[in-house]
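Structure, as structure tokens:
The values are calculated or read from the model by the stated rules, or taken from the named source; none is laboratory data. Just so you know, these numbers come straight off a predicted model, no measurement behind them. Neighbour counts are summed over all protein chains in view; Cβ atoms, including those assigned to glycine, are modelled from backbone coordinates with ideal geometry. Quick note on the areas: whole protein, heavy atoms, side chains included, nothing else; ligands and nucleic acids left out. Shrake-Rupley method; radii C 1.70, N 1.55, O 1.52, S 1.80 Å.
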Amino acid sequence: MLLTYLFCLLAGGVLIALSLEGDSGADADGAGGNLSLLFSTPFWSFGLCGFGLCGLLLSLLTRSGTVLPTVVVALGMGVAMGLAAARLLGLMGRRDVDSLVRSADLIGREGIVTLAIEAESRGFVELTARGSLIRRPAVSNGGSLPQGTTVVVVACDGHTLRVDRI
């Protein structure tokens, strides 16, 4: 039985490693219910890996003469890990990725003045939001700000930022 657990652990590990190679959109995502999860690659790869790992550990760490309790616990763990992985990966696959930077995302962010802001005119501020470097026109709330000054965005008036010195 030890070889069976080892084989399942290795087969599950290979399936998981192969699934990391590319985007396979052919898997069932659970939209058809619990039964469709049983036919998905994540269920089988994580299920095999969980069954093999649990069975291997129980076989090596316990010295009972019967095999049945180990098989039942390992099988339960494999099914549980397979279902959990298939559900979790299905949920993660349906999430929408949004990297669009909105003006409201900039409020409260720190930036650096790249073009001096005079009392009655606009300058430019660079800051980072959602992993993107943003360069926007800015006006100061209180006096002029020389180039290199660290500022915080307090408001957005359309495309123009309103900033204060930190």
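With bins 10 Å wide beginning at 0, the percent of Cα pairs of the stretch 60-157 falling in each bin runs 13, 27, 13, 10, 11, 11, 10, 5, 1. Residues whose amide H comes within less than 5 Å of that of Ala138, counting only those at least five positions distant or on another chain, are Gly123, Phe124, Val125, Leu161 (H built at 1.01 Å from N in the peptide plane). The distance from the alpha carbon centre of the stretch 65-84 to that of the stretch 87-156 is 52 Å, rounded to a whole number. With the whole protein complex present, Asp98 retains an accessible surface near 80 Å², based on a 1.4 Å probe.
When the solvent-accessible surface of protein heavy atoms is calculated with a 1.4 angstrom probe, in what order do Ile117, Ile112, Ile166 fall, highest first?
Numbers: Ile117 0, Ile112 85, Ile166 115 Å².
Of Ile117, Ile112, Ile166, the descending order of accessible area is Ile166, Ile112, Ile117.
Of the solvent-accessible surface of the chain, computed with a 1.4 Å probe and all protein chains present, 64% belongs to carbon and sulfur.
Working from Cα pairs under 8 Å separated by at least six residues, relative contact order for the chain is 17 percent.
Measuring with a 1.4 Å probe in the full set of protein chains, what accessible area per residue, in whole Å², belongs to the chain?
Working: 10330 Å² over 166 residues.
It amounts to 62 Å² per residue over the chain.
Relative to the longest principal axis of the Cα atoms of the chain, helix 41-61 runs at roughly 60 degrees. Remark: the stretch 118-166 carries a charge dipole of roughly 200 debye about the Cα centre, counting +1 on each Lys and Arg Cβ and -1 on each Asp and Glu Cβ. Considering the options Leu91, Gly148, Leu56, tell which one lies farthest towards the positive end of the dipole of the stretch 39-155, charges being +1 on Lys and Arg and -1 on Asp and Glu at the Cβ, about the Cα centre. Result: Leu56, furthest along the dipole toward the positive end.
Write down Rg/Rh for the stretch 105-166, rounded to two decimals, with Rg from the C-alpha atoms and Rh from the Kirkwood relation over Cα pairs. Spell out each step's value before the answer.
Numbers: Rg = 10.0 Å, Rh = 11.0 Å.
Value, to two decimals: 0.91.
Per DSSP helix of 4 or more residues, -39500 (n - 2.57); summed, then divided by the residues of the chain. What does that give at 222 nm, rounded to the nearest 500? Counting only the DSSP helices, I get -14500 deg cm²/dmol. Using every pair of separate Cα atoms, the Kirkwood estimate puts the hydrodynamic radius of the stretch 62-113 at 16.0 angstrom.
Here each label is just a point 7 Å from Cα along the line to Cβ, and for Phe39 and Thr114 those points are 5.3 nm apart. Its Cα gyration tensor gives the chain an equivalent ellipsoid, and the semi-axes of that ellipsoid, as √(5λ) in whole Å with the largest first, are 59, 17, 12.
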